[in-house]
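What follows is one structure encoded as structure tokens, with my remarks underneath.
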Amino acid sequence: MIIRLDMASEVPIYVQLRNAVVVGIGKGELAPGEGLPTVRQMAEDLGVNTMTVNKAYGILKSEGFIEIDRRHGARINPQKDKFGVFREKAEEELLLLIAEATVRGLEKSEFMELCEKVYAGMGAPKAELV
Amino acid sequence: MDFLLAFSYASTLWFVQLCLLFDLYFITRKKSEYLIFMTIRGEQREDVDVVQVVKGLKKEVWVMMAVMFVATGVFFLLPLLRKGELSLSIIYMTLWCTALIWCDFKIIKKYANRMYDLKLNKGWQTPVKKTVLEVDTVVSRMKKTMPVSEIWLAVPVWICIGSFVWWFYCAAEYKVLLISLLFNVLAFLFFCYMYHRMAHGKLKVYSEDSDLNYALNRVSKRAWTGCVIWEASLLCGFQFITTLLLHLYMTSVAAGKENVTGLMTGLIVCSALSIILFLIVFFVAAGKVKQAKKELAAAADFSYAEDEDVYWKNGYYYNPGDTNTFVENRSLGISTNMATKWGPATKWILIGTFILCIGLGIAMLPIDFGTMKMQVGVDSLELQGCLYYKETLPFDEVTEVYLLPERPESSRVWGTGTDRFAMGDFYFKGYGNGKAMMDRDAEYFILAKRQNGKWFGFSVTDSETMLSVYDRLKAQTEKEQ
């Protein structure tokens, strides 16, 4: 999977990296069990500080997208939202997003169509999720 | 100055010209996808304006080369100037090389800029997302498998260790050979650094296909790390052989052996061979990378999405977004990314080399235009030669002394020997080893034997002083007897 980070963006690099990995998992470009480059390698190949990558990996681990093994490095290990924490977070973010869509004049049907389109692009095999 | 020597100096400069002409060939050749560092493909190459720019570059470079060629001949080969001494030759060669490289660089920069503007005007430029960083996670994970193993660096390491062991046990009396061995170590350390930078350097994302990205990156990393290891081994090996031959030469001369032509030839052949092999390895690596990349891109029916010409528009690579120190050159071989810390370092290394060479030439001026000075004290005499050459002879150390009306026949073991001066360690034919501090224009030469059996040959142009010193030394030896 190819990760692209925009240095001119206002979004911090570690957040961009975290988002890119999550999108990759969602689209199925990063399969469960697949390894990620080590922190040092990722930092070398992106040309960013190792601390930045370390921070992104830390967040991905705490959010349950990857597991970090001392021998094999980071591996994709997406976990289901067992306790409904994500549901709450999604509801909050959707509230803001839908409110903004309403203000900007986006119809519900258009919004739903957009959601369908984005969902269709996700290829992660749900059965493999732990 | 001998005609052959002058011709060899001139040939060195012409060789530099030849190298720059090779560079001109590589940046304008038809087979490459780059023209004057800019990506020009297919029908674009036939465009009238493009052809004009290339013609303009070639014309300017050839005119400059012709002028410099004539300048070399005038300085070194015209009989009137052939008397030019070593110091002047060094200063002239340094100025000549600097002027040549500077002019060549300026001309190429001008035409690379012109070609870049032409591409922009014609709308051939593809945009470059200067702010976007990319990484292929699959390729990045397999990075360790790409370079040639660093274990092969053990070969030059053992050569370096072996050379020091040899010096310690076999040639410790010739401390000057240590310089050559230390140069070996420095060169090896530089190659280690290059290997490290190339093996761990940033990977490139060429396409969306990870397999193709892996193949293209692997070809490049493998070829260049292999090249560095070969170069390090060759350089260390040949430097060691040269040191061995030099040691053999010095011991042979010190032992009074007259025919050392074979050894001198061996030294020259060895040095020439090391340069030739060095270049061959470099060209083979560069050729392999270019060929493999071309074949891979063709097989995958892939064309490079971004041309990255903006980073090459000055004739060198400048990309602040790329952390790689060494990148593939668009003409041939590898180039430094001038946006990294090595950019200013490269500039200062070039300036430093220029200052060093000019400084060396100036420091050597006394060798060609200075005089030998002698100070006679109450119980010793001191000779002050050029540069750092200085020798003291206490009168009571002398056991034998000869006054010679002609310069004693001598061979240099280690020191300075010019048309005018002989300074350093010399072998005096018919006498033995010792030190020399001789002005060859002098009328008289004195050879004095010290208590340790070594000879000391000296002379200054002031004949009266020479005769009085001889009388003093003769009286001393007779008193001893």
> Hey, what angle do you get for helix A:108-120 against the long axis of chain A, alpha-carbon based, 0 to 90 degrees rounded to 10?
Replying inline: 30 degrees
>> Can you give me the angle between helix A:50-62 and the longest principal axis of chain A, using Cα atoms only, in degrees from 0 to 90, rounded to the nearest 10?
In response: 60 degrees
> Mind checking the alpha-carbon convex hull of the stretch A:1-73 and giving the volume per residue in Å³?
Replying inline: 88 Å³
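Suppose every K and R has +1 on its Cβ and every D and E has -1 on its Cβ; what is the size of the dipole of the protein assembly as shown about the Cα centre, in Debye to the nearest 20?
780 debye
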> Using alpha carbons only, how many degrees (0 to 90, rounded to 10) separate the axis of helix B:177-200 from the longest principal axis of chain B?
Replying inline: 10 degrees
>> Given the -39500 (n - 2.57) contribution per DSSP H run of 4+ residues, what per-residue ellipticity at 222 nm results for chain A, rounded to the nearest 500 deg cm²/dmol?
In response: -17000 deg cm²/dmol
>> From the gyration tensor of the Cα coordinates in chain A, what semi-axes in whole Å does the equivalent ellipsoid have, largest first, with each one equal to sqrt(5λ)?
In response: 28, 19, 14
>> I'd like the projected area of the protein assembly as shown, averaged over all directions, using the convex hull of its alpha carbons. Report it in nm² with one decimal.
In response: 39.1 nm²
> What is the calculated FRET efficiency for residue B:32 to residue B:179, with r their C-beta to C-beta distance and R₀ = 41 Å, to the nearest 0.05?
Replying inline: 0.50
> Where Rh is the Kirkwood radius over the Cα pairs of the stretch B:1-153, the temperature 4 °C and the viscosity 1.567 mPa s, what D in µm²/s does Stokes-Einstein return?
Replying inline: 67 µm²/s
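Looking at the stretch B:371-480 only, what percent of DSSP beta bridges run antiparallel? Nearest 5 please. Provide the component values of the computation, followed by the final result.
Values: 34 of 39 bridges.
Counting only bridges with both partners in the stretch B:371-480, antiparallel ones make up about 85 percent.
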>> Can you find, among A:58, A:86, B:348, the residue sitting farthest towards the positive end of the charge dipole of the protein assembly as shown, where Lys and Arg contribute +1 and Asp and Glu -1 at Cβ?
In response: A:86
> Put +1 on the Cβ of each Lys and Arg and -1 on the Cβ of each Asp and Glu in the protein assembly as shown; which of B:266, B:408, B:325 then has its Cα farthest toward the positive end of the dipole?
Replying inline: B:325
>> If N is the number of residues in chain B, what value comes out of its Cα radius of gyration divided by 2.2 N^0.38 Å?
In response: 1.27
>> Which order do the peptides A:77-89, A:97-109, B:312-324 come out in when sorted by mean C-beta neighbours inside 10 angstrom, highest first?
In response: B:312-324, A:77-89, A:97-109
>> Tell me which of B:71, B:28, B:42 sits at the most positive position along the dipole axis of the protein assembly as shown, charges placed on C-beta atoms (Lys, Arg +1; Asp, Glu -1).
In response: B:42
>> Within 10 Å of each Cβ in A:30-36, how many Cβ atoms from other chains are there, averaged over the peptide?
In response: 2
> Relative to the compact globular guide of 2.2 N^0.38 Å, what is the alpha carbon radius of gyration of the stretch B:371-480, as a ratio?
Replying inline: 0.95
> Local charge sum around residue B:279 (other residues, Cβ-Cβ under 14 Å, Lys/Arg +1, Asp/Glu -1)?
Replying inline: -2
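Each reported figure results from applying straightforward, stated rules to the coordinates on display, with no laboratory input. Please read all numbers here as calculations on a predicted model, not as lab measurements. Counting neighbours? That spans all protein chains shown, and the Cβs are built from the backbone with ideal geometry, glycine included.
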